Each structure stands twice: as C-alpha cells, then as structure tokens.
Amino acid sequence: MATLVINENKKLGTIAPEIYGHFSEHLGRCIYEGLYVGENSEIPNVNGMRTDVVEALKELQVPVLRWPGGCFADEYHWKDGIGPKESRKKIINTNWGGVVEDNSFGTHEFMELCRQIGCKTYINGNLGSGTVQEMSEWVEYMTFSDVSPMADLRKENGHAEPWTVDYFGVGNENWGCGGNMTPEYYGNEYRRYQTFVRNYDAEKPIQKVCCGANDDDYEWTEGVMKTCFRHTPKGSHGFMDLLSLHYYTVTGDTWEHKGSATEFDGNEWYKTLRKALFMDTLVSRHSAIMDQYDPEKKIGMAVDEWGNWFDVEPGTNPGFLYQQNSMRDALVAGITLNIFNKHCDRVKLACIAQMVNVLQSVILTDGEKMLRTPTYHVMHMYRHHQGAELLESSLSGAGTVGEGENAVPMITESVSEKDGVITITLNNLSDKDAGDLEILFTEETEKTVEEARVVTSGSCRDYNTFEEPDKVKEEELKGVLVEGRRLKVTLPAASVVEIRVKK
Ligand code: AHR
C-alpha cells in the first residue's frame, strides 16, 4: 500500500492564489460568445457578460484573468477598443482564423468582466508591433486618476475612476509570434518599454511581467535574465516582478498531429500524463537559472499559459482551437496544480489556457448552452489551496503505471493548510486500477475529515457534452477511514481527489 506522510508542523511557504489564474484571448469563441455576448443578446447577460458563465466562474474563485492575448496581444492596439462601439475599428484577427474583430470587447469591457468575476486584472501589452508611447498611454488611461490626456479620455468614455491593473505583461512570446526576437534584443526592449509602465498609484503598484521562455528554452531565460540584470544596482529586480513561462502538453509528435482530445488509447493516456509531469522539470530548471540572478526569489515565475493542446474538434475552424475536455484533462490539471503548489516559493502566478472554448477550457458553450468541463471540477476542488500554507509531505510505495518511457508515478499529491483545515489533493494516474493509500500525520492527534470529494468517471475517456453536461462531475468520495492520526482511502482509477481534514 502507498503511504503519504504529512508533517502538519512544517510549513514551506504560501501558495499564491494567483497560481489558479486564467487566460482569455481574442481567439475563436473565448471572448465573443464564451464570455461576452453584448448587451442586446438574448442570452442573459449583465452589461454584455453572459450571466451563466460569470456565475460559474465566481464559484471557481478565479483569482486573476489575463487578456487580450497571447499572440493577439502583440498586434492589439488598445485605442481600437475604446469609445462608442459603432465607431470602433474593425480589424482582421491575423493570428486566429482571419476573422473580423470588431473591437466591441475592449479595455472597459475587460475591466467590467473582472469586476463581475471578482478577480485581479492582468493586461498583456503590445511590445511586438506597438510603440513605447502606446503602451505607456494605455497604462495612463487605465490607472491615472488626475488630469491628463489619457485619464480625461477615459472619463469622456464614461469611466471617471481609474481601474487597478494588478499585472502588466510587457509583450508575449517575443521569441515567436511577438516579434521573433533574440533574448538579448528582447531583454533590452523590455528594459525600455517597462520604464514607461508607470505606477501612478503607489498603493497599488503594477506587477510587471517580463516575457520568459517556451518549454525548455533555457537559453532564453539565461539571455533575458543576463540582459535585464546587466548594469543595474546591486539587489535589483532586473526591472521585473515576474518572468513568464509557457508550456503546453502536446501528445502527438508534431504540431500537425497533436492527437485527439477524446480518442486515445492507454499509451497516449500515459504519454500525455508523462508530458504534463515534465512541468516539474521545467519549473526547477528555469528557476535554477533565475536563482543565479535572484537567489532570494524576489522575482516570481508566471506560468501564464499552460494546459493540453490537442487537434481541434473535427469540423470546427482550425484557427479557433476548440477542443473537448476529458478525464485526461482533469488529470493533467490535477498533476500540474500539485506541481505549482510544491513550487510555491517561485511560482507566483499561472494561467490555464484558456478560460472558455479554447484549448483546455474550464467552460464550453454552444450558443445559449454552457457546460463545466472535468478541468473545471478539478480547479473547483483545488480552490482551497489558494492562499494556504504548503505543508511538507512525502509519498512512498505507490510505484509506477504505464510502460517504457511513458511510465509515470501512480499517485501525485500536494498538501496545504489554511484556517486549521488541511487540504490534500491526490491524483491516481492509472487508467484502470484503483489505488489504496494510507495517510499518516506526524502529530499524534485525532483527525476528522471535513469533506472528501472526487472527480472521476466510468472511463478515463469520458467527457461532458451539451446533451450530457454532468457525465463527469465533482462528487462526494465515500469510504475514507479515520483511525486517530491515520487515514485510509481508495483512489478510484483515473481520479482526482480532495480530502479536507481538521487539524
Ligand atoms: O493560447 C494560444 C496561443 O498559444 C497564444 O496566443 C500564444 O501565446 C501561444 O503560442
């Protein structure tokens, strides 16, 4: 039997709530239809934001939302998206399907969406094709309270008070769609652009996000860190509060054949999970490079794009990146979030890509219909980790599942404590076998289980459809035994489990 030992007296750091963040891009049906339907839609909405989706997102306790891209960000000119809607510029979304973007969702609408969801704002600026002045003016427009050209323009457009911009990304994927730059070139551009991202409100300083690497591109991290730390005062932050990392789990061997989201065999199941586990290596190695410049870990890592990237659903626009979401996605979410929790000393923000209707979404819509995906249910259970203290925990005896190079640990876990309640999240990676687990606390005190929840289904290939939206859902996990400081639980095959224990 596998054993998980939890030392409830050893706190290893705070899990930033923003690790549970989301990403929304002007891509396919994420913004339009997924989040925003406009004030005149027959779909129930408040100021254009669809009510069903906002309500579901509130239950998720979304901490932060990143917008407007993605690749879209480095072609986005924010002034196109303000003022009367009928006179907003129509442009072509060159990155995503070549469709017309009418800019009816812009800065005011994004801020309204975040207000309704109750989350922090993460704006991604345009360094690739925009000017320093344009970026600087956007920040002034959003955050300056007094008299200035941009603050006055905002007031003319109906918003007297400034908004809070919690995070500002200075470019996106500038090694690729954001300008095909070298790390040194981008590092210098970053230094220049970020200078003019002003903090107009000293009480609410903007956290600046520098564009980090893709996957295992350690050369990028090294080059950017070196450039940003060069010729700076001792103890500086290299002008950044966070450095990003993007990593998508792609099961197929090429971008042309990424694999189906729903049709997969046992080998592909394990291959996907093995690739998701690689996030641990990526965070460790990029963080080790950051350590050379920032040994005190003042700079956070922002994994602001992560998740499964499969072939689009057959018959849908290839530029819209619409994919289904099965129990395999639930496991990838559970595994990845456990990894982030365990790296909470460095990972301070993460955004699953993307919130609705694009890649590994938590919500899918079809006109007026909406469903919660398996990934939604995992993120809902894991919300208890937000802002909690990571506890020391170690797992033994679980063994591996899967074959050859796709052998993976059978169980992964992370444990945290908040307000006297310990949250344990567990993943059983086996596609067919249940796993018995003993949980042992170091303190000799009687434990009580507050709740035990599970996301699982009859088959690891199950997913929710508009006809059967609750096939995969969060349910009570029965049969957790408590004997003093010892718990015994059986983890169903292909499951994500949460157990909450009173200290
Ligand atoms: O999330 C889809 C795309 O993936 C984003 O626009 C880009 O940043 C990344 O390559």
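Tabulated data
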| item | result |
| --- | --- |
| Net charge of Cβ neighbours under 12 Å - reference THR195; Lys, Arg +1; Asp, Glu -1 | +3 |
| Cβ-isolated cysteines (cut-off 4.7 Å), the chain | CYS30, CYS114, CYS119, CYS210, CYS211, CYS228, CYS344, CYS351, CYS460 |
| Trypsin sites (Lys or Arg not before Pro) within the stretch 147-201: DSSP coil, no more than 15 neighbouring Cβ in 10 Å | ARG198 |
| Sparsely packed chymotrypsin sites (Phe, Trp or Tyr not before Pro) within the stretch 250-327, loop by DSSP, other Cβ within 10 Å at most 14 | TRP255 |
| Whether the stretch 9-389 is rounded, prolate or oblate, judged on the alpha carbon gyration tensor where a/c under 1.5 counts as rounded | rounded |
| Under Karplus coefficients 6.51, -1.76 and 1.60, residue-wise ³J(HN,Hα) of the stretch 70-86 in Hz, glycine/proline x | x, 4, 4, 4, 7, 10, 8, 10, 4, 5, 5, x, 10, x, x, 4, 5 |
| Restricting the stretch 416-476 to chymotrypsin sites (Phe, Trp or Tyr not before Pro) in coil, as DSSP defines it, with at most 15 other Cβ within 10 Å | PHE466 |
| Once exposed loop GluC sites (Glu not before Pro) are cut out (DSSP; at most 13 other Cβ, 10 Å), longest piece of the chain | 43-202 |
| Relative contact order of the chain, defined on C-alpha pairs under 8 angstrom at six or more residues apart (%) | 19 |
| Nitroxide proxy distance, nm - points 7 Å out along Cα→Cβ at LYS11 and GLU438 | 3.0 |
| Sequence-separation-based contact order of the stretch 73-146, relative, with Cα cut under 8 Å and 6+ spacing, percent | 35 |
| DSSP beta bridges in the chain [antiparallel fraction, %, rounded to 5] | 60 |
| Crossing angle, helix 132-143 versus the chain [Cα axis fit, 0-90 degrees, rounded to tens] | 70 |
| Cross-link pairs beyond the 31 Å C-alpha cut-off, checked among LYS348/LYS369; LYS208/LYS447; LYS258/LYS342 | LYS348/LYS369; LYS208/LYS447 |
| From phi via Karplus (6.51, -1.76, 1.60), per-residue ³J(HN,Hα) for the stretch 30-35 in Hz, x at Gly/Pro | 6, 6, 7, 5, x, 10 |
| Sum of side-chain charges, ASN93 neighbourhood, beta-carbon under 15 Å (Lys, Arg +1; Asp, Glu -1) | -3 |
| Over the chain: helical MRE at 222 nm, DSSP H runs n ≥ 4 each giving -39500 (n - 2.57), nearest 500 | -7500 deg cm²/dmol |
| Prolate/oblate/rounded call for the stretch 1-142, Cα gyration tensor, a/c under 1.5 rounded | prolate |
| Cβ-defined net charge surrounding SER396, 13 Å radius [Lys, Arg +1; Asp, Glu -1] | -2 |
| Order of THR227, THR262 - criterion: other Cβ atoms within 10 Å of each residue's Cβ, fewest first | THR262, THR227 |
| In degrees, nearest ten, helix 218-229 long axis to first principal axis of the chain (Cα) | 50 |
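Laboratory data are not the source of any read-out in this text; all were calculated from the coordinates shown. Note that the coordinates shown come from a computational prediction; the quantities given were computed from them, not determined experimentally. In this analysis, Cβ positions are derived from the backbone assuming ideal geometry, glycine residues included, and neighbour counts consider all displayed protein chains.
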